[in-house]
1. If you take the residues of region A:39-60 that are under 17 Å from the mean Cα position of the chain (by Cα) and among the basic types (Lys, Arg), which of them is surrounded by the fewest Cβ atoms within 10 Å (Cβ to Cβ)?
2. Could you grab me the full set of residues in region A:160-182 that are more than 9 Å from chain B (Cβ to nearest Cβ) and either under 19 Å from A:VAL38 (Cβ atoms) or among the acidic types (Asp, Glu) (or both)?
3. What pairs come up if the first residue lies in region A:46-58 and is closer than 12 Å to B:GLU75 by Cα and at the interface with chain B (Cβ under 7 Å from one of its Cβ atoms), the second is in a helix (DSSP H, G or I) and open to solvent by 20 Å² or more (accessible area, probe 1.4 Å), and their beta carbons are under 6 Å apart, counting only those six or more places apart or on different chains?
4. Mind listing whichever residues of region A:3-28 are hydrophobic (A, V, I, L, M, F, W, C) and modelled with pLDDT under 90?
5. Output the number of residues of region A:28-42 satisfying the condition of being more than 15 Å from A:ASP130 (Cβ to Cβ) and either part of a loop (DSSP other than H, G, I, E, B) or without any contact (Cβ under 8 Å) to a residue 12 or more places away in the chain (or both).
6. Please go through region B:9-41 and give me each residue that is in contact with an Asp or Glu (Cβ under 9 Å, 6 or more places away or on another chain), among the charged types (D, E, K, R) and either open to solvent by 30 Å² or more (accessible area, probe 1.4 Å) or modelled with pLDDT under 90 (or both), ordered by number.
Amino acid sequence: MNQDENELIFRCQKGDQDALKEIYDRYHDKVYRIAYGVVRHREESLDIVQEVFIKLFRSIGNFKGKSKFYTYLYRMAMNTAIDHSRKMYRVFSSSLDEEGAPQPSEMAEKGPDRILLHKELEEKVKAALDELPPDQKMAILFREVEGLSYREMAESMGCSIGTVMSRLHYGRKKIQELLRKYVKEEGRE
Amino acid sequence: MKDSCSSVSRLLEKYFDQEATSKERALVEAHLAGCPACQDALKWMGHCRDSLKVPIETALQKEDFERSWQNIRREIQIREKSSWRESIQSWLELSGLFRKKVWVPAVAVAAILVLLTTQVFFEEASFVALPDVEYVDSSYNVMVYPIERGKITVIWLFEGQEMEAPPS
C-alpha cells in the first residue's frame, strides 16, 4: 500500500467523503467486475458497487492496515455480491439479451451460428458458475476477471497459494465438465 | 490424452495463468508441441476466460459511474442525518440491562408513583385555589342570607367552650 493510499484511507476513516470519492475512482471498476462476475446483471452490479462503497465508508475504521487495502475491498465486494445473488429471486436468463448485452468483440467478425454458439457458451458459463461452491467461484472470478496473481488471490481469500490453485483447478474442471458439449463443438470447428 | 498429460495438467494451468517458472514453461511448451489434447485444453481455458471477461468489460464501458457516486454520497448523507437516532438505538440494543428488560417493573413502579404524586399535587392545588372558601373572624354572629343557604356550607370553629354559639 503506497503512502498516497494510506493518506486517503486515513482521511476516509475520519469521515472525509472526498477521500472516499478518490478511492471510488480508483476501485469502482474492479468492484464492478467482481459484482458483474457474480450476478451477471448490470443494474444489480451497480447496486452492489454502491452498497460496497457505502459499507466501506461505514466500516473503514475497522481496517487496521494489516492486509493490503485492495484485498480488504475485494473480499468485501465478493461477499456483498454473493450475499446479493443469494437474495435475488429473479432468474437472469435473458441478461445476454438486455440493453447493453455483452457482445464479445471477436463475435462481430463471425457468422450467426458462431454467435449463437458463443451466446450459448456464455449462458452455460454463467449457469456453471452458479453451480460452483463460493470458494471456487471466488477463485475463478478473481483470476479470470480481475486477473489477480495467485499470491494476491491467496491474500484476498485468506488462504495459501496451494489452496488457491486447488480451488482454481477444481472450479475449472467443473466448468469444463458442464461445458463439455460446447467445448467439443468448438473443437470440431 | 497422453499419460504425461496428467502430470502436465497442473503446470498447464500455471502456464495459462502466467505463474509458471521458466523451467516449467519450457516443459509445458515441449509437451504442447506434440499434444493436440493439451492444446485444446489450453484453447478451452482461453474461451472460458473470454466468455467470463468480455461481457463484463463491455458492460463496464456503458455504466455511468458518476451517477452511481451521487447515489452513494446521497445515501451517506441521509444516513449521517439519522445517525444520532441510530446511536441511541444501538446503545439501547447493546445495553445488557435493556436487553434483559429487568427495568420494566422498576419503570412501572416509577410511573405509578409519578401518577399518584401528580394526583395529590393537583388535589392540593385545587383545594388552595378554591375561590369560594372564605374565613370570617367574628366574635359574634355570622349572617348567611337565605338565598345563599343551598350553595354555602358553614363550618363553625370555636376556640373556647364559652364561645360556643347558643343553640338556635
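The values are calculated or read from the model by the stated rules, or taken from the named source; none is laboratory data. Values in this document were obtained by computation on a predicted structure and should not be read as measured data. When we count neighbours, we look across all protein chains shown, and the Cβ atoms used for this are built from the backbone with ideal geometry, even at glycine. Note: accessible area is taken over every heavy atom of the protein model, side chains too, but ligands, DNA and RNA are not part of it. Shrake-Rupley method; radii C 1.70, N 1.55, O 1.52, S 1.80 Å.
1. By that ranking, first place goes to A:ARG42.
2. Correct list: A:VAL164, A:ARG167, A:TYR170, A:GLY171, A:LYS174, A:GLU177, A:LEU178.
3. A:GLN50/B:ASN71; A:ILE54/B:GLU75
4. Applying the first criterion (hydrophobic (A, V, I, L, M, F, W, C)) to region A:3-28 yields A:8-10, A:12, A:19-20, A:23.
Selection gives nothing.
5. Residues that pass the stated criteria total 1.
6. Once the filter is applied, which keeps residues that are in contact with an Asp or Glu (Cβ under 9 Å, 6 or more places away or on another chain), among the charged types (D, E, K, R) and either open to solvent by 30 Å² or more (accessible area, probe 1.4 Å) or modelled with pLDDT under 90 (or both), region B:9-41 yields B:LYS14, B:GLU19, B:ASP40.
Yes/no per residue for (1) polar (S, T, N, Q); (2) open to solvent by less than 10 Å² (accessible area, probe 1.4 Å); (3) at pLDDT below 65:
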| site | (1), (2), (3) |
| --- | --- |
| A:THR80 | yes, yes, no |
| A:HIS84 | no, no, no |
| A:GLU106 | no, no, yes |
| A:LYS119 | no, no, no |
| A:ALA128 | no, yes, no |
| A:GLN136 | yes, no, no |
| A:ALA139 | no, yes, no |
| A:VAL145 | no, yes, no |
